[in-house]
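To keep things clear, I will list the structure first and then write my remarks on it.
Bear in mind that the values in this text are calculations on the coordinates, not laboratory data. Since the model is a prediction, treat every value here as computed from it, not as a measurement. Counting neighbours? That spans all protein chains shown, and the Cβs are built from the backbone with ideal geometry, glycine included.
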Amino acid sequence: MKIFLAVLAALMGYLLGSINASIIISKSRGKDIREMGSGNAGTTNTLRSLGKGAAAVTLIVDILKGVISVLLARLIFKDVPYADVCAGAGAVLGHNFPLYYGFRGGKGVLTSFAVALVLQPIPALLALLIGVVVIALTKYVSLGSILGAVSLPIICFFYNRENSAILIFMTCLAVLVIIRHHANIKRLIEGNERKLSFSKKEG
C-alpha cells in the first residue's frame with residue numbers, strides 16, 4: 001500500500017509540475033515559447049523572448065510548483081517514507097516532460113532547486129549561491145545552472161551523507177540538469193552560448 005501511495009505522490013507532483021507558465025503565457029499571446037529563441041520553456045528564454053514580466057511569472061510558478069508538490073506530499077502522505085521525494089521527482093519530470101504540452105517542457109533547473117530547497121534547505125541554498133556567483137561572473141545562465149546542480153549532491157554528501165536516498169535523488173537531479181543542457185554545453189565549448197542580458201524588451 002505504501003508503494004502505491006508513493007506512486008500517487010509522484011503522480012500528484014507530475015501533474016503539478018506539468019503546469020508551465022512560459023507556455024501558457026506565450027500561447028495567450030498567440031505564440032509558443034518552444035518555437036521562440038532557444039526553444040526552451042523556461043525563465044531565461046521567456047526573459048529574452050517575452051520580457052521581464054513574463055519571465056518573473058515563469059520563475060515564480062516554476063519554484064512554487066516544486067515547493068507545493070513536496071509540501072503537499074508531506075501533508076497528504078505523511079506516513080509514507082520518501083513520499084515527498086517522490087512528489088519532488090514527479091514535479092521535476094512534469095516540468096521537463098509536461099503531460100499537457102506534448103511532453104515538451106523546460107530544463108527543470110528552478111523546479112529542481114525548489115524541490116531541493118524543501119528537502120535539504122542548506123545544501124540547496126549553498127548550491128544556489130554557487131550558481132548565482134557563476135552567472136554574475138560569466139553572464140552564462142546555463143553554466144551557472146550546471147555548476148550549481150553539480151555542486152548540490154557534493155554539498156549534500158558532506159552535509160548529510162547518512163541519508164543515501166536523498167544523496168541519490170540529488171545526484172539524479174544534477175544528472176538530469178546536465179542532460180537537459182547538452183545543447184548549451186556544446187555551445188559553451190564552441191563559444192556560441194548567449195550571455196544573460198536584461199536589455200531586451202519589457203513584458
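Annotations for the structure displayed:
- 3J(HN,Hα) along region 156-161, derived from phi through the Karplus expression 6.51 cos²θ - 1.76 cosθ + 1.60 where θ = phi - 60°, amounts to 4, 4, 7, 8, 8, 5 Hz, with x in place of Gly and Pro.
- For K65, a cut-off of 18 angstrom between C-alpha atoms picks up these lysines, skipping any fewer than 8 places away in its own chain: K107.
- Computed from the C-alpha gyration tensor, the three semi-axes of the ellipsoid equivalent to the chain are 28, 21, 13 Å, from longest to shortest.
- For region 57-73, putting each phi into the Karplus relation 6.51 cos²θ - 1.76 cosθ + 1.60 with θ = phi - 60° gives couplings of 5, 4, 4, 5, 5, 4, 6, 4, 5, x, 5, 5, 4, 5, 5, 5, 4 Hz, in residue order, rounded to whole numbers and with x for Gly and Pro.
- In terms of surrounding Cβ atoms within a 10 Å radius of their Cβ, M170, M36, M1, M12 rank from fewest to most as M1, M36, M12, M170.
- Size descriptors for region 128-191 (Cα atoms only): Rg and Dmax, in that order, 12.7, 40 Å.
- In this simple spin-label approximation, R104 and I179 carry label points 7 Å from Cα along the Cα→Cβ vector, and these lie 2.0 nm apart.
- Longest segment of the chain lacking trypsin sites (Lys or Arg not before Pro) that sit in a DSSP loop with at most 13 other Cβ atoms within 10 Å: 79-160
- Rounded if a/c under 1.5, otherwise prolate or oblate - region 68-153, Cα gyration tensor axes: oblate
- Excluding exposed DSSP-loop chymotrypsin sites (Phe, Trp or Tyr not before Pro) (at most 16 other C-beta within 10 Å), longest clean stretch of the chain: 1-102
- Selected from A73, V61, Q120, residue furthest toward positive end of dipole (region 2-190; charges at beta carbon): V61
- Modelled spin labels at L196 and A165, positioned 7 Å past Cα toward Cβ, are 3.4 nm from each other.
- For K139, the aspartates and glutamates whose Cα comes closer than 14 Å to its Cα, not counting residues fewer than 8 places off in the same chain, are E193.
- Residues whose amide H lies under 5 Å from that of E193, counting only those 5 or more places away or on a different chain, are L188; hydrogens are built 1.01 Å from N in the peptide plane.
- The GluC sites (Glu not before Pro) found in region 115-203 that occupy coil by DSSP, while having at most 13 further C-beta atoms within 10 Å, are E162, E202.
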